[in-house]
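First the structure, in the form of structure tokens, and then the observations on it.
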Amino acid sequence: MFAIGSSLKEARLRKGLDLAAAAEATKIRSRHLQALEDEQFDVLPGQTYVRGFLKTYADFLGLDGQLYVDEYSSRFWVSEDGGPRTPRKVRVRRKHHGRIELNMIVLTLVAIIGVTALVIAAWKFGGTTPPARTNPPASAPTKPTTVKRGSLATLVVQATGGSSLVDVHVLGSSGRVGRLLFHGTLELGESQTFVKRDIWLSVSSPKHVVLSLNGASPLPLSGSCPVDVAVTPQQITQQPTSAVSCH
């Protein structure tokens, strides 16, 4: 068993987010996120909403959303006859989760010990002065667009030249278009923000829409026909327009 609310809050603070920013990214009201962090589940609309909010919020913070849903269900879920739900599956999942964490700790300690041993050996057999650190070659500077694997893409979609119908989906690792995040018309001046690993957009009027990735300068879309756009933490890629003419 673990503290649902405090672990959510700690994860949010590690990301440097306040409740308003988290609410904008998850489309969950700030007061509902506050209730999750305070474990005041009775002030939320219902048990089904609590589980949906928990999964969305935990996944957004880089946690295991299903683990939080199972933990809530084992401790707080009340069935229609007023009895608590049997938490058998939850205990199995927590055990597996704890085993994974233990394995990660062991591997980390082994890596630290190995590096320490190499440093000591190099110092002992190479002289009395530890080896000096070498600077990276000037000919191979770090590219500013490089993003660590596993980071999220923060995408802002804004209508600047007029209105446009926009569909936003999660893009799976196999390239398949997955769960729908947003469907609607962005009016002039309106914007939507999405924080996901990989994102797929369908834009009906690309000339009216600009995209901004991870705080970079807005990128206008090209063409007058509907376009599809793939977004990763590293880049925005507009897909080739179909050969079918449009007016």
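Any read-out appearing in this document is the output of simple, stated calculations on the displayed coordinates, not a laboratory observation. The shown structure was predicted, so the numbers you read here are calculated from the model rather than taken from an experiment. Quick reminder, even Gly has a Cβ in these numbers, built from the backbone with ideal geometry, and neighbours come from all protein chains shown.
Amide H to amide H, with H built 1.01 Å from N, LEU211 comes under 5 Å of LEU219, LEU221, counting only residues 5 or more places away or on other chains.
Scaled to the compact-protein estimate 2.2 N^0.38 Å, what is the alpha-carbon radius of gyration of the stretch 4-86, rounded to two decimal places?
Ratio of Rg to 2.2 N^0.38 Å for the stretch 4-86: 1.06.
Modelled spin-label separation between SER163 and ILE113, with each label point placed 7 Å from Cα along the Cα-to-Cβ direction: 6.6 nm. The distance between label points at ALA3 and GLN235 comes to 4.5 nm (points 7 Å beyond Cα on the Cα→Cβ vector). Between LYS124 and MET104, the C-beta separation translates, for a Förster distance of 22 Å, into a calculated FRET efficiency of about 0.10. Each Lys and Arg Cβ is given +1 and each Asp and Glu Cβ -1; about its Cα centre, the stretch 153-238 then shows a dipole of about 220 debye.
Kirkwood radius for the stretch 153-238, taken over all pairs of different Cα atoms as the inverse mean of 1/r, rounds to 12.5 Å.
Please state the relative contact order of the stretch 4-86 as a whole percent: Cα pairs under 8 Å, 6+ residues apart?
Details: 76 pairs, mean separation 20.8, N = 83.
The value is 25 percent.
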